[in-house]
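Student: I'd like to ask some things about the structure below.
Bear in mind these aren't lab numbers, they're just calculated from the coordinates by the rules spelled out. The shown structure was predicted, so the numbers you read here are calculated from the model rather than taken from an experiment. Here the Cβ positions follow ideal geometry from the backbone for every residue, glycine too, while neighbour counts run over all protein chains shown.
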Amino acid sequence: MLTKKNKYVVAVAGATGAVGREMVSILEERDFPVSELVPLASERSEGERIEFCGKNVVVKRLTKDAFKGVDIALFSAGGERSLEFAPAAVQSGSIVIDNSSAFRMDPKVPLVVPEVNPHAIAGHSGIIANPNCSTIGMLVALKPLHDAAQIKRIVVTTFQSVSGTGKKAIDELAQQVVALLNFKDIEKKVYPHQIAFNCLPHIDAFLENGYTKEEMKMVHETKKIMEDDSIGVTATTVRVPVFRCHSESVNIETEKKLTANEARAILSAAPGVLVYDDPKRNIYPLAIDVSGKDETYVGRIREDESIPNGLNLWIVSDNLRKGAALNAVQIAEELIR
Ligand code: NAP
Ligand code: 3JN
């Protein structure tokens, strides 16, 4: 349990990464009551400085001893590090909010999107898991529709930005674009194919069933967060040459009929959702506009004319914010409330 305090010691494991840096800036932006920030990373970053609230805080090495006195530990240093260090952090008395997939499907670990299932936080025993970025964006928009009309099936195709892969992938896209525009050869270190000016239907490892791990994360995590195993989910996840924000084309089939206007009205009142849907004026969510925003943007809301009760939606959210760092900080805010 977290003891109520005026301010908390907060560690960020993976503080030098794409998600970790965003966590640090969101803690500051949202005025999270931090008495001390403890940025942790690998030995490569030991001694580097991270700016937080006007101060330069020295990055320490992630070790099992690093969590003494830490109240809340935000983890975004990869699944292996979470498996190795999160139990030690809990042992030291910290509550861990973990961004990796390491504990997401553990029945003892709540998997939380605060707009969808905040009540699940109460059941934690030291670790709370943050879902995958593609799942978070989709469910912020779909939960209110599920409450209104009971979703039976979800068919989703994602268009995921390179920042979802981390800082090396951001550099790879930038370098490939510059190289190609200068008629030079490209280097491929992060992705198996050229990502510049290309779309890769491949995110994370392929599984025996032909899907990727990313696709199956969306299937399993959706059922757990919505607390409804009856929802059918099928996903195709695609990496696109966009720096930031994941876009998703989502088709849902519902038990009860919802018109596009009814869906628009429900989503307009939903927490964390912004309806951005006026195609006649070329208004629909775009990755470049949603970048840096907290809300999940929804547009292109249409009835699926091929079935009696179906809707199509275009959902865009900032993968580093709502898809990762912001969702984790919102969980921490719920914890201290
Ligand atoms: P990234 O930009 O590559 O950053 C990785 C971070 O982990 C860096 O701070 C790195 O430290 C640290 N790290 C790596 N190996 C380490 C080690 N052996 N010991 C200690 N620290 C180590 O990656 P990212 O995009 O921020 O993602 C990090 C993790 O967050 C992912 O692996 C994933 O589990 C999770 N994530 C979740 C979502 C989501 O959907 N919710 C989205 C993206 C990422 P150095 O700088 O010292 O190398
Ligand atoms: O690729 C993306 O857009 C999201 C990536 C998420 C990710 C990257 C590396 C490891 C994850 C995740 O959160 O599912 C993991 C992981 O399995 O922890």
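Student: Exactly which GluC sites (Glu not before Pro) in the range 249-318 are in a DSSP loop and have at most 12 other Cβ atoms within 10 Å? Can you show the working numbers first?
Tutor: Working: sites: GLU253, GLU255, GLU262, GLU295, GLU303, GLU305; in loops: GLU255, GLU295, GLU305.
Sites meeting the loop and neighbour criteria: GLU255, GLU305.
Student: Here is a follow-up. Please give the contour-minus-distance gain from THR157 to VAL177: 0.36 nm per residue of separation, less the Cα-Cα distance, rounded to one decimal in nm.
Tutor: 4.7 nm
Student: Assuming R0 = 22 Å, what is the FRET efficiency of ASP31 and HIS119, from their Cβ-Cβ distance, to the nearest 0.05? Walk me through the intermediate numbers first.
Tutor: Details: r = 25 Å, r/R0 = 1.14.
Computed FRET efficiency for ASP31 and HIS119: 0.30.
Student: Sort 70-83, 210-223 by the packing proxy (mean of other Cβ within 10 Å over each peptide's residues), most packed first. Walk me through the intermediate numbers first.
Tutor: Numbers: 70-83: 22.2, 210-223: 19.2.
The peptides rank, most packed first, as 70-83, 210-223.
Student: Tell me, what ³J(HN,Hα) does each residue in the range 278-294 have, in order and in whole Hz, if you take phi through Karplus 6.51 cos²θ - 1.76 cosθ + 1.60 with θ = phi - 60° and put x for Gly and Pro?
Tutor: Each residue of the range 278-294 in turn: 9, x, 4, 9, 6, 9, 7, x, 10, 3, 5, 7, 7, 4, x, 9, 8 Hz.
Student: How big is the antiparallel share of DSSP beta bridges in the range 20-143, given as a percent to the nearest 5?
Tutor: 30 percent
Student: Under a point spin-label approximation (7 Å from Cα along Cα-to-Cβ), what is the SER92-PHE243 distance to one decimal in nm?
Tutor: Output for this residue pair reads 3.4 nm.
Student: Which residue fluctuates the most in the chain, going by a Gaussian network model with Cα springs under 10 Å, if the choices are ASP304, ASP185, ASP204?
Tutor: Answer for the Gaussian network model of the chain: ASP185.
Student: Which residue fluctuates most in the GNM of the chain (Cα springs below 10 Å): ILE128, ILE252, ILE307?
Tutor: ILE307
Student: In addition: ³J(HN,Hα) across the range 55-66 via Karplus (A = 6.51, B = -1.76, C = 1.60, θ = phi - 60°), whole Hz, x for Gly/Pro?
Tutor: After applying 6.51 cos²θ - 1.76 cosθ + 1.60, I find 10, 9, 9, 7, 6, 10, 7, 6, 9, 5, 7, 6 Hz.
Student: Would you mind calculating the gained length between PHE197 and ASN56 on full extension (0.36 nm times residue separation, minus the Cα-Cα distance), in nm to one decimal?
Tutor: 46.9 nm
Student: What pairs from LYS64/LYS293; LYS189/LYS213; LYS167/LYS213; LYS167/LYS224; LYS152/LYS189; LYS184/LYS217 go past 31 Å between their alpha carbons? Present the calculation step by step, with values, prior to reporting the outcome.
Tutor: Details: LYS64/LYS293 34 Å; LYS189/LYS213 20 Å; LYS167/LYS213 21 Å; LYS167/LYS224 29 Å; LYS152/LYS189 40 Å; LYS184/LYS217 37 Å.
From LYS64/LYS293; LYS189/LYS213; LYS167/LYS213; LYS167/LYS224; LYS152/LYS189; LYS184/LYS217, over 31 Å: LYS64/LYS293; LYS152/LYS189; LYS184/LYS217.
Student: Return the FRET efficiency for the residue pair LYS7, LYS108: r is the Cβ-Cβ distance, R0 is 35 Å, and the value is rounded to the nearest 0.05.
Tutor: Values: r = 29 Å, r/R0 = 0.83.
The calculated FRET efficiency here is 0.75.
Student: Also: Would you please give the residues with an amide H less than 5 Å from that of ILE97, counting only those at least 5 places away or on a separate chain, with H modeled from the backbone geometry?
Tutor: ALA73, LEU74, PHE75, ILE128
Student: Here is a follow-up. Counting each DSSP H run of 4 or more residues in the chain as -39500 (n - 2.57), what helix-only mean residue ellipticity at 222 nm follows after dividing by all residues, to the nearest 500 deg cm²/dmol?
Tutor: Dividing the helical sum by the residues of the chain leaves -8500 deg cm²/dmol.
Student: Separate question: Assign one of three labels to the chain, namely rounded, prolate or oblate, based on the Cα gyration tensor with a ≥ b ≥ c the square roots of its eigenvalues; rounded applies when a/c is under 1.5, prolate when it is not and a/b is larger than b/c, and oblate otherwise. Intermediate values should be presented prior to the final figure.
Tutor: Working: a/c = 1.76, a/b = 1.26, b/c = 1.39.
Oblate, because a/c is 1.5 or more while a/b does not exceed b/c.
Student: Hey, another quick one. Give the long-range amide H neighbours of THR236: residues separated by 5 or more places, or on another chain, with amide H under 5 Å away, using H modelled in the peptide plane at 1.01 Å from N.
Tutor: VAL156, THR157, THR158
Student: Tell me the Rg and the Dmax, in Å, that the Cα atoms of the range 165-316 produce.
Tutor: Cα radius of gyration and Dmax of the range 165-316 are 18.1, 55 Å respectively.
Student: Right, another one. Taking other Cβ within 10 Å of each residue's Cβ, how do ARG321, ARG337, ARG244 sort, fewest first?
Tutor: ARG337, ARG244, ARG321
Student: Using the Cα gyration tensor of the range 1-84, with a ≥ b ≥ c the square roots of its eigenvalues, what is the shape: rounded (a/c below 1.5), prolate (a/b larger than b/c) or oblate (neither)?
Tutor: Since a/c reaches 1.5 but b/c is at least a/b, the shape of the range 1-84 is classed as oblate.
Student: Just report the Cα centroid separation between the range 39-66 and the range 210-250, whole Å.
Tutor: If we compute the Cα centre of each part, the gap is 33 Å.
Student: Label the range 172-259 by shape, choosing from rounded, prolate and oblate, from the square roots a ≥ b ≥ c of the eigenvalues of the Cα gyration tensor; if a/c is under 1.5 it is rounded, and otherwise prolate applies when a/b is larger than b/c, oblate when it is not. It would help to have the intermediate numbers written out before the result.
Tutor: Details: a/c = 3.62, a/b = 2.21, b/c = 1.64.
Since a/c reaches 1.5 and a/b is larger than b/c, the shape of the range 172-259 is classed as prolate.
Student: A further question on this structure: Listing MET226, MET138 from the residue with the fewest other Cβ atoms within 10 Å to the one with the most, what is the order? If you can, show how the numbers build up before the last one.
Tutor: Numbers: MET226 21, MET138 30.
So the residues, fewest neighbours to most, are MET226, MET138.
Student: Determine ³J(HN,Hα), in whole Hz, for all residues of the range 34-42 in sequence, where each value follows from phi through the Karplus function 6.51 cos²θ - 1.76 cosθ + 1.60 and θ = phi - 60°; x replaces Gly and Pro.
Tutor: 9, 8, 8, 9, 10, x, 10, 7, 7
Student: Roughly how far apart, in whole Å, are the Cα centres of the range 112-129 and the range 161-206?
Tutor: The distance from the Cα centre of the range 112-129 to that of the range 161-206 comes to 35 Å.
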